[in-house]
Amino acid sequence: MTAHLTFVLIHGAWHDGSLWEPVASHLRTEGHVVHTPTVAGFGSGASTDVSHADGVTSIVRYIEQHDLTNIVLLGHSFGGTIVSKVAEAMPERIRRLPYWNAFVLEDGHSINDESPVVYRELMLATAIDGTFSLPWTLWRERFLNDADESTARAAFEKLCPTPLAMLEDKVDLKRFHTLIAEGTLRCSYLNCLDDTAMPPGEYAWSPRFPARLGLCRLVQMPGSHEVLFTRPADLAAKFVEAGRD
Amino acid sequence: MTAHLTFVLIHGAWHDGSLWEPVASHLRTEGHVVHTPTVAGFGSGASTDVSHADGVTSIVRYIEQHDLTNIVLLGHSFGGTIVSKVAEAMPERIRRLPYWNAFVLEDGHSINDESPVVYRELMLATAIDGTFSLPWTLWRERFLNDADESTARAAFEKLCPTPLAMLEDKVDLKRFHTLIAEGTLRCSYLNCLDDTAMPPGEYAWSPRFPARLGLCRLVQMPGSHEVLFTRPADLAAKFVEAGRD
Amino acid sequence: MTAHLTFVLIHGAWHDGSLWEPVASHLRTEGHVVHTPTVAGFGSGASTDVSHADGVTSIVRYIEQHDLTNIVLLGHSFGGTIVSKVAEAMPERIRRLPYWNAFVLEDGHSINDESPVVYRELMLATAIDGTFSLPWTLWRERFLNDADESTARAAFEKLCPTPLAMLEDKVDLKRFHTLIAEGTLRCSYLNCLDDTAMPPGEYAWSPRFPARLGLCRLVQMPGSHEVLFTRPADLAAKFVEAGRD
């Protein structure tokens with residue numbers, strides 16, 4: 001029997017908290033408490049004139065306002081950069097820190113510093129009002145390669161623009177890496193084996209990012225970067241494996 | 001619901017078109033049309049005095065004679081070098097170009113240029129009349145490592161010699177790589193996770209070959225290089241995932 | 001139908017032969033004969049004042065005393081260094097030599113020579129009476145990452161100290177590597193895909209170790225370094241795949 005956990009799930013770029021619903025409902029059915037806040041700058045009608053620090057602050061405040069403790073704070077993709085900073089701010093509230101195909105940045109880097117340069121070129125060339133939207137083909141082939149076309153289309157319709165600052169801002173992570181080195185933060189890394197959002201090879205999620213998390217628990221499953229749309233029940237089970245103790 | 005597809009499946013070395021039958025029958029049951037032509041130089045009674053270009057021509061002619069359009073043209077192993085050249089000749093007929101643990105050669109290379117040198121040494125040392133047959137032990141351990149011995153033996157009995165030219169001829173692929181760079185060809189790469197025909201490490205199929213296909217859809221499954229003999233239904237399902245849109 | 005096999009299973013560090021029981025019972029149910037000797041220096045009440053050579057001798061004598069022939073000699077983890085030396089001593093008794101996430105050392109190396117240096121630092125800093133016991137956190141996160149906490153705790157209670165000599169002694173493997181190069185030994189490598197006892201990347205089990213085994217049969221499955229505690233039936237099936245011919 002796994003104890004009931006309190007999850008705080010932090011979404012990736014182009015997502016908002018509502019897209020966790022299929023996974024969250026599976027977790028709730030198992031008795032877990034699940035919070036799915038939206039990071040500042042994301043979601044329908046949000047102001048996109050925000051910095052990465054604003055995004056971090058929005059989640060810190062959410063956790064404070066709900067007085068959440070002993071949480072499993074999970075970051076997906078871009079969300080990994082948010083949870084790393086939240087962990088700096090309130091390590092004592094965190095029971096376990098799982099990254100799901102998420103960025104674990106080196107100190108002072110942006111997401112774009114650690115991604116293929118063609119991604120950055122694409123986003124700078126096609127930005128609108130300081131935001132970047134994923135082109136359909138990239139989404140379909142690299143992010144949701146395990147879905148059929150209609151599932152991929154339906155998910156694509158739900159995406160929102162991402163403020164460029166979230167991907168361009170360099171993130172001070174000195175304290176985070178100290179906390180890792182000290183063993184204060186207990187991390188997991190969930191790696192989907194068919195995830196090509198970071199292309200296979202040099203830029204692949206694993207082993208690049210889990211290797212930066214010290215004594216990290218690795219959990220793996222088949223599926224794409226967006227397996228939350230294709231296999232939410234399996235994903236929920238892996239969230240529990242990543243976070244259960 | 002996946003639309004009904006027209007597959008043209010191009011076999012690997014030591015195979016002919018008839019060996020696709022277990023996979024093809026699963027695809028046909030799902031309503032797809034499946035063509036399994038044999039490349040010139042392969043199969044019982046075929047003249048083996050052929051070049052790689054002859055092999056390409058035989059498939060181009062097959063597609064023209066059957067007036068096939070909107071096809072999913074899939075190459076397995078050596079067959080990847082054939083479909084790359086066919087795609088140069090008739091890109092407008094191709095809906096999707098999946099490679100299944102197949103060679104995606106650099107321009108001007110032969111298969112032997114991109115394989116472990118011990119493979120070439122073995123084939124030159126044991127060639128008969130300009131053809132090369134796989135030794136049993138290599139087949140059993142590296143190509144069909146997921147089969148029991150009797151399945152591996154039964155499959156081995158069905159193999160034919162491969163004209164050395166198919167593995168030695170250098171292939172002009174300038175136009176192919178231009179078509180990839182332009183995004184004209186929509187590619188997939190199906191990678192079997194236990195495939196050791198190219199040994200793990202430097203020579204592994206993935207990420208080496210999918211990385212050359214631009215915005216490529218990666219699909220993976222458990223199994224060996226010859227999973228068509230061990231899990232044809234699963235393989236057929238993955239062909240659909242690779243080719244469905 | 002797979003012929004009935006005679007398995008000799010050689011445990012890893014911190015284990016003794018009795019821990020094979022869940023796997024062995026599955027194999028016996030399928031009609032196989034299974035021997036699970038304990039390597040000298042391991043297990044409750046054993047003298048730990050032993051060398052790696054003593055460990056090897058204990059297994060050679062076991063095989064001689066039971067007059068075992070045509071065996072599938074399988075080594076797990078540290079046990080790989082034992083079976084390599086046993087294979088030098090009695091290659092004619094070995095039908096198949098599978099390594100399960102096991103060390104295949106270069107000639108003259110110790111296990112510590114081929115492991116992350118932090119592991120050696122940890123064991124030298126915490127050794128007691130020339131033995132090393134795994135800390136709980138390392139066991140739970142890197143060795144049994146696919147278990148729930150209670151399974152991991154129950155398994156941890158069964159572990160014994162490992163004589164440092166088993167990890168520090170340099171092993172002469174000249175003859176072993178000659179036997180591999182000659183093709184005298186028929187090897188398999190079973191790789192659990194979620195095994196992080198050797199961390200992902202440079203030190204990962206695969207492709208590093210199977211690449212040293214010549215024409216080796218690769219078999220893979222999901223699971224951790226200690227999947228014998230979490231999925232013994234699946235593991236038994238993979239032992240048969242690795243050893244069946």
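The values are calculated or read from the model by the stated rules, or taken from the named source; none is laboratory data. Treat the numbers as computed from the prediction; the structure is a model and nothing was measured. All Cβ positions, glycine included, derive from the backbone under ideal geometry; neighbour counts span all protein chains shown. We work out accessible area using only protein heavy atoms, side chains counted, and drop any ligands, DNA or RNA first. Shrake-Rupley method; radii C 1.70, N 1.55, O 1.52, S 1.80 Å.
For the range A:20-49, which residues satisfy the criterion of being open to solvent by 60 Å² or more (accessible area, probe 1.4 Å) and of a type in the set (Gly, Ala, Ser)?
A:Ser44, A:Gly45, A:Ser47
Could you tell me which numbered condition A:Leu144 fails, if it satisfies all but one of (1) closer than 30 Å to A:Arg217 by Cα; (2) open to solvent by 10 Å² or more (accessible area, probe 1.4 Å); (3) at pLDDT 95 or above?
(2)
Within the range A:193-220, restricting attention to residues that are hydrophobic (A, V, I, L, M, F, W, C) and farther than 26 Å from A:Glu88 by Cα, which residue is farthest from the other protein chains (Cβ to nearest Cβ)?
Applying the filter and picking the extreme gives A:Ala197.
I need the full set of residues from the range B:199-224 which are open to solvent by less than 10 Å² (accessible area, probe 1.4 Å), assigned to a loop (DSSP other than H, G, I, E, B) and more than 14 Å from B:Gly80 (Cα to Cα), in order please.
Once the filter is applied, which keeps residues that are open to solvent by less than 10 Å² (accessible area, probe 1.4 Å), assigned to a loop (DSSP other than H, G, I, E, B) and more than 14 Å from B:Gly80 (Cα to Cα), the range B:199-224 yields B:Cys216, B:Gly223, B:Ser224.
Looking only at the range A:85-121, which residues are open to solvent by 60 Å² or more (accessible area, probe 1.4 Å) and assigned to a helix (DSSP H, G or I)?
Residues satisfying the conditions are A:Ala89, A:Glu92, A:Asp113, A:Val117, A:Val118, A:Arg120, A:Glu121.
What's the number of the condition B:Leu164 fails, among (1) aliphatic (A, V, I, L, M); (2) within 14 Å of chain C (Cβ to nearest Cβ); (3) touching a strand residue (DSSP E or B) at 6+ places or on another chain (Cβ under 8 Å)?
Every listed condition holds for B:Leu164 apart from (2).
Just to verify a result, which residue in the range B:50-67, among those that are part of a helix (DSSP H, G or I) and of a type in the set (Gly, Ala, Ser), is most open to solvent (accessible area, probe 1.4 Å)?
Across the range B:50-67, the extreme among qualifying residues is B:Ala53.
Given the options C:Ser188, C:Ser150, name the one that is assigned to a helix (DSSP H, G or I) and of a type outside the set (A, V, I, L, M).
C:Ser150
What single numbered condition from (1) in contact with an Asp or Glu (Cβ under 8 Å, 6 or more places away or on another chain); (2) under 26 Å from C:Glu182 (Cβ atoms) fails to hold for C:Val83?
Going through (1) in contact with an Asp or Glu (Cβ under 8 Å, 6 or more places away or on another chain); (2) under 26 Å from C:Glu182 (Cβ atoms) one by one, C:Val83 breaks only (1).
I'm trying to understand the selection: among the residues of the range B:186-198, which are open to solvent by 30 Å² or more (accessible area, probe 1.4 Å) and touching a Pro at 6+ places or on another chain (Cβ under 6 Å)?
B:Leu193
Quick check: anything in the range C:19-30 among the β-branched types (Val, Ile, Thr), farther than 21 Å from C:Arg231 by Cα and more than 14 Å from chain B (Cβ to nearest Cβ)?
Within the range C:19-30, not a single residue is among the β-branched types (Val, Ile, Thr), farther than 21 Å from C:Arg231 by Cα and more than 14 Å from chain B (Cβ to nearest Cβ).
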